[in-house]
Amino acid sequence: MENTKKRKPWVNWALFIGTMVLVFLLGLLASSVIQRKAEKEYVFKPTVKISEWEARNEVWGMNFPREFQSYMGTADTSFRSLYNGNAFIDMLEEEPRLVILWAGYAFSKDYNQPRGHFYAVEDVYNSLRTGAPKGPDDGPQPNTCWTCKSPDVPRMMAKLGVAGFYKGKWASLGSEIINPIGCGDCHDPETMDLRITRPALLEAFTAMGKDLSKATHQEMRSLVCAQCHVEYYFDKKHPGAEDISYLTFPWKDGTSADSMLAYYNKVGHVDFVHAFSKAPILKAQHPDYEAFLTGVHYDRGVACADCHMPYMKEGGQKFTSHRVTSPLAYINQTCQVCHRESEEKLIENVYQRQRKVKEIRDQSEVLLVRAHMEAKAAWDAGATEPEMQPALEHIRNAQWYWDYAAAGHGNSFHAPLEMARIIAKSIDETSSARLLIARILQKLKRNADVPYPDITTKEKAQKLIGLDTKTLSQEKKEFLNTTVKSWTGR
Amino acid sequence: MNPIFRALIPPTRWRRPVVVALGIIAGLSLFLFYISNAASYLSDNPKTCTNCHVMNPQFATWQHSSHREVTNCNDCHVPHDNVVRKYFFKTQDGLRHATIFTLRTEPDVIMIKEMGQRVVHENCIRCHLQVLENPEEVEESGEEEEAEGEVEWMQRKCWECHREAPHGTVKGLASVPHAMITPQKPPVPEWLKKLVK
């Protein structure tokens, strides 16, 4: 030891100091890395704290003024494309045939082209389909009808449970469901991550054997929309919630029009019995997401938000537009991100597809109206139920295929080829039905042509099916002036 | 044994403390390797580039562009003509970025350097070569003679005209304040899972 000390004492000091400096610098670097990693979390810290069940979109808007302002753009109703857009369009007025096709169902009373998210609650008040309930336990519709209208829904579901929420009449939750579809429906209030808030989508994924919690960010940019823009039905046989209108997506065996029809036939679901033909009809809702899955844009990895919520530039900032609307309203931010053609050319490409699908859809509707009228003539002539049963099955299938193509607002562009296939199936089913009915009529010695009804206007068509829309509108007016005012306080 | 190596070996009684000191240094280095996600830099995953949040604008704009379907960051921003050049460039560029970021000297609006520009331009040509070689397109632009050989192609950069591809003209961290880069929570919240069960 003495020897070492005497010989080179500085070596040990150098070793000591060198190690100290090295460890000090390494520690400094490590703490810097940790600090900068923490900064990453704070890049995205909102200033106003938003609680888990915050349903007021304007409160979220304090943190995200640009997103909120663009969301408020859904109040705009000035954009009209060839068939749709965000304007108010009375679809029964446009196509009175629909009244006949839905005779016996609430859709024959009132059906409009949907306006923006901003109107979600207001339009469900206004629709004749929801009737004019006089008290919380009155009216034709269940609470299930609120499910896709408001960020107040998750809050109430957490309180009442899922089945507890669906239970009861639509008017019973009127004073709770106030804010139109908005921030909380798709975003986590703390991190702003996209999240699922509606049980039906989660249940449908589980039924298909898929794990929704494994969805990527890009998938979520479509799946948040798929919480509502899908085909659904009210399952009255849901285990543990019998006789409650339990919101269910018929996806267990797949999301194609054919597999959903097979599913409905398997579970024996009927939405309504047609007033004229007595066929057990399925009402397709709006299978937008399912149709999109069969189109080329989905195949190429595009999400709903890519076209319906484009990335916008305002001053020096970029943000996602929350003015969810037709991409045709701002082609430069939507189509032209990928396609280099001119605006005129791109619009023409869209309209061309829509026109062609509409052309065959119109034909299928006329044939379906004929089938319903001819079935009625057969009943009137004394046809029996066993005789009619096979024909009615065909009418059921035909109307499902037609409605699947018609009810999805963007279907004819999202998947033109698939829609053409589905409409062809509808026409095929209709002709099978009409052939069978013609034979029955022949057997009953009714050989004259069944005339096509005079349904040139909505009024004529509604009169034909025996709807008293005047009284319905009167009652609705009363309801809006009294009950709705008591709900909203406005 | 090598005399230099021998000189580094401490006297017997000092060996234990030196081993401990070396252990501390190695441990800290490993810790540094771990917290900085160092292994991820060997991959091509675009998420790696957002290990430093200053790259958020570049990530967000790419993610909203059509290029996201066919490219990742490295497809454009590192050379692809040979493996040696690729990793040499990646190391060189990466170490420079790391140094600037650690010293907190990164500018608010990050502009590409000359060396990076050349690589990106090469990569534009690597994928879009057909457009340049198509004689019809060259004739239309009236630059048939100029367009002969690689030298001319390198004189003007693609983005002198194609300014928005793919990151757009908006730059800087403040330009994408609410871009969603890395989700922190799973898409199905716990309360919903409980409600459905």
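The values are calculated or read from the model by the stated rules, or taken from the named source; none is laboratory data. Because the structure is a prediction, the values reported are computed rather than measured. A quick note on method: Cβ atoms are made from the backbone with ideal geometry, for glycine too, and the neighbour counts reach across all protein chains shown. These area figures cover heavy atoms from the full protein model, side chains too; ligands, DNA and RNA do not enter into them. Shrake-Rupley method; radii C 1.70, N 1.55, O 1.52, S 1.80 Å.
Distance between the 7 Å Cα→Cβ label points at A:E341 and A:K159: 5.1 nm.
Karplus-based coupling profile of the range B:106-119, in residue order and whole Hz: 6, x, 5, 10, 8, 10, 6, 7, 3, 4, x, 4, 4, 5, with θ = phi - 60° in 6.51 cos²θ - 1.76 cosθ + 1.60 and x standing for Gly or Pro.
If you average the sequence gap of Cα pairs under 8 Å that are 6 or more apart and divide by the length of chain B, what percent do you get for the contact order? Write out the running numbers ahead of the final one.
Details: 102 pairs, mean separation 53.1, N = 197.
Relative contact order comes out at 27 percent.
Potential lengthening of the chain between B:N37 and B:H128 amounts to 29.4 nm, from the contour at 0.36 nm per residue minus the alpha-carbon distance. The relative contact order of chain A, computed from alpha carbon pairs under 8 Å that lie at least 6 residues apart in sequence, is 17 percent.
Taking 22 Å as the cut-off for C-alpha to C-alpha distance, list the pairs among A:K37/A:K214; A:K149/A:K356; A:K109/A:K134; A:K37/B:K194 that go past it.
Numbers: A:K37/A:K214 25 Å; A:K149/A:K356 33 Å; A:K109/A:K134 19 Å; A:K37/B:K194 33 Å.
Result: A:K37/A:K214; A:K149/A:K356; A:K37/B:K194 exceed 22 Å.
Toward the positive end of the charge dipole of the range A:218-302, about the Cα centre and with charges on Cβ (Lys, Arg +1; Asp, Glu -1), which of A:V296, A:A279, A:S259 goes farthest? Of A:V296, A:A279, A:S259, it is A:A279. Counting only Cβ charges, +1 for Lys and Arg and -1 for Asp and Glu, the dipole size of the protein assembly as shown around its Cα centre is about 3320 debye. Taking a straight line from the alpha carbon of A:K169, these aspartates and glutamates sit under 12 Å away, with near neighbours fewer than eight places off in the same chain left out: A:D137, A:D138. In the protein assembly as shown, a dipole from Cβ-located charges (positive for Lys and Arg, negative for Asp and Glu) runs towards its positive end, and of A:L26, B:H77, A:Y166 it is A:L26 whose Cα lies farthest in that direction. Rolling a 1.4 angstrom probe over the protein heavy atoms with all chains in place gives the protein assembly as shown an accessible area of 53 Å² per residue. Measuring with a 1.4 angstrom probe and ignoring ligands and nucleic acids, A:F276 comes out at about 20 Å² accessible. The phi torsions of the range A:92-104, fed into the Karplus equation with coefficients 6.51, -1.76 and 1.60 and a -60° offset, translate into couplings of 6, 5, 5, 9, x, 3, 4, 4, 5, 5, 9, 4, x Hz, rounded to whole numbers, with Gly and Pro shown as x. Were the residues from A:R300 through A:V270 laid out at 0.36 nm apart, the gain over their Cα-Cα distance would be 7.2 nm.
Entry note, the range A:106-237: relative contact order of 21 percent, from Cα contacts under 8 Å with a spacing of 6+ residues.
The residues packed around A:P133, meaning those with a beta-carbon under 13 Å from its beta-carbon, carry a net charge of 0 if Lys and Arg are +1 and Asp and Glu are -1.
Taking a straight Cα-Cα cut-off under 16 Å and skipping sequence neighbours fewer than 8 places away in the same chain, the aspartates and glutamates within cross-link reach of A:K313 are A:E67, B:E164.
Close amide H contacts of A:V273 (hydrogens built in the peptide plane, cut-off under 5 Å, sequence separation of 5 or more or a different chain): A:I281. Converting phi to 3J(HN,Hα) with the Karplus coefficients 6.51, -1.76 and 1.60 and the offset θ = phi - 60°, the range B:168-185 yields x, 9, 8, 9, x, 4, 6, 7, 10, x, 10, 5, 8, 9, 10, x, 9, 10 Hz in sequence order, with x at every glycine or proline.
Dipole size of the range A:107-169 about its Cα centre, with +1 on Lys/Arg Cβ and -1 on Asp/Glu Cβ: approximately 120 debye, rounded to the nearest 20.
When the solvent-accessible area of chain A is split by element, carbon and sulfur atoms take up 56 percent of it, the probe being 1.4 Å. Ranking A:S51, A:S486 from most to least accessible surface, computed with a 1.4 Å probe over the protein chains only, gives A:S486, A:S51. About its Cα centre, the range A:301-449 has a charge dipole of approximately 100 debye under the convention of +1 per Lys or Arg Cβ and -1 per Asp or Glu Cβ, with nothing else charged. In this simple spin-label approximation, A:K214 and A:D428 carry label points 7 Å from Cα along the Cα→Cβ vector, and these lie 3.4 nm apart. For the residues A:W13, A:W170, a 1.4 Å probe over the protein chains yields an accessible-area ranking, largest first, of A:W13, A:W170. Accessible surface for B:W191 stands near 40 Å², nearest 10, in the context of the full protein assembly shown (1.4 Å probe).
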